[in-house]
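Chemist: Pasting in a structure now, in structure tokens, and then I'll have a few things to ask.
Every number here is computed from the coordinates shown, using simple stated rules; none is lab data. Every value quoted in this text rests on a predicted model; they were computed, and no experiment measured them. Methodologically, a virtual Cβ is constructed for each residue, glycine included, from the backbone with ideal geometry; neighbour enumeration extends over all protein chains shown.
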Amino acid sequence: MIKILLVDDHELVRTGIEALLNSQEGISVIGGSNCGETALDMLVDIIPDVILMDVNMPGIGGVEACRRILQKYPDIKIIALSVHNDGPIPQQILKLGALGFISKGSPVEEMVSAIRTVHSGKRYLCSEVANNLAFQGLPGANDSPFEKLSQRESEVTNLILQGKSIKEMSDMLVLSDKTINTYRYRLYDKLNVKNDVELTRLAVKFKHIDSGLI
């Protein structure tokens with residue numbers, strides 16, 4: 001039996017996916033969480049085989065949650081879910097060790113196939129993500145400026161886009177206020193923006209943020 005943990009901030013989405021997966025032979029959803037922080041806490045009591053991780057969530061977000069989980073539980077397989085298949089996020093989360101990335105618009109058959117493939121230790125990418133990754137860096141490709149950012153800069157960027165204060169970011173990432181500000185102005189410089197408003201506009205332009213979060 002493949003044990004699944006669902007991590008998505010929308011209860012309706014979690015409920016729908018759980019019902020669909022529980023109807024599949026050999027798959028069982030053993031828990032659900034609405035954020036990365038709660039998912040980490042749940043892993044003290046339950047150890048799933050595969051985690052379906054929403055990328056765009058309030059709090060530390062799917063990318064940072066993936067990093068923390070795989071640091072502590074390297075044997076857990078993670079499949080990222082997102083409404084966006086382009087931009088820097090797929091590459092970032094795959095580099096952290098996630099084995100799969102599929103669109104939230106994927107049919108249930110593809111989700112089940114992804115789960116079985118990843119559970120066996122192989123990678124699974126939906127066709128859109130695979131194509132975008134294949135063409136990244138080629139002449140004429142529409143590269144996102146967010147790809148210039150380091151992992152920590154990306155984490156700070158995502159929290160800024162969620163409207164988090166310096167103190168909230170410090171608490172979530174376990175960094176000092178001074179260090180957060182250092183990353184903030186470093187990413188401003190790399191992205192050639194002067195403030196959070198310009199950062200948000202750039203994020204929307206390059207689909208680095210779910211428009212539902214702003």
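Chemist: Taking amide H atoms as placed 1.01 Å from N in the peptide plane, list the residues 5 or more away in sequence, or in a different chain, whose amide H sits under 5 Å from that of Ile60.
Modeler: Under 5 Å from the amide H of Ile60: Gly36, Glu37.
Chemist: Using a simple spin-label model with points 7 Å from Cα along the Cα→Cβ vector, what separation in nm is obtained for Val83 and Val44?
Modeler: Once both label points are built, they end up 3.3 nm from each other.
Chemist: Pick from Asn22, Asn132, Asn34: which residue has the top mean-square fluctuation in a GNM of the chain where Cα pairs under 10 Å get a spring?
Modeler: Maximum fluctuation in the GNM of the chain, among the listed residues, is at Asn22.
Chemist: Would you kindly work out the equivalent ellipsoid of region 145-213 from its C-alpha gyration tensor and give its semi-axes, the square roots of five times the eigenvalues, largest first in whole Å? All intermediate terms of the calculation are to be shown ahead of the outcome.
Modeler: Numbers: eigenvalues 68, 36, 21 Å².
One finds semi-axes of 18, 13, 10 Å for region 145-213.
Chemist: Further question: With the radius of gyration and the Kirkwood radius both derived from the Cα set of the chain, what is their ratio Rg to Rh? List each step's numbers first, then the result.
Modeler: Values: Rg = 17.0 Å, Rh = 17.7 Å.
Using only Cα positions, Rg/Rh for the chain is 0.96.
Chemist: Cβ neighbours within 10 Å, averaged per peptide: list 39-46, 190-197 in order, most packed at the top.
Modeler: The packing order, highest mean first, is 39-46, 190-197.
Chemist: How tilted is helix 196-205 with respect to the longest principal axis of the chain? Cα atoms for both, answer in degrees (0 to 90, nearest 10).
Modeler: It is inclined by approximately 50 degrees.
Chemist: Let me ask something additional. At what distance in nm do the modelled label points of Lys95 and Tyr73 sit from each other, each positioned 7 Å from its Cα along Cα→Cβ?
Modeler: So the two model labels end up 2.5 nm from each other.
Chemist: Which order do the peptides 172-184, 3-15 come out in when sorted by mean C-beta neighbours inside 10 angstrom, highest first?
Modeler: By packing density, highest mean first, the sequence is 3-15, 172-184.
Chemist: For the chain, take the longest principal axis of its alpha carbons; what is the angle in degrees between that and the long axis of helix 177-191, to the nearest 10 within 0 to 90?
Modeler: For helix 177-191, the angle is close to 80 degrees.
Chemist: Taking springs between alpha-carbon atoms closer than 10 angstrom, which of Gly32, Gly62, Gly163 fluctuates most in the Gaussian network model of the chain?
Modeler: Gly163
Chemist: Looking at Leu125, Thr179, Thr157, which one has the Cα that reaches farthest to the positive end of the dipole of the chain (charges on Cβ: Lys, Arg +1; Asp, Glu -1)?
Modeler: Thr179
Chemist: Taking only the alpha carbons of region 5-108, what extent do you get along each of the three principal axes, in Å, biggest first?
Modeler: 33, 31, 24
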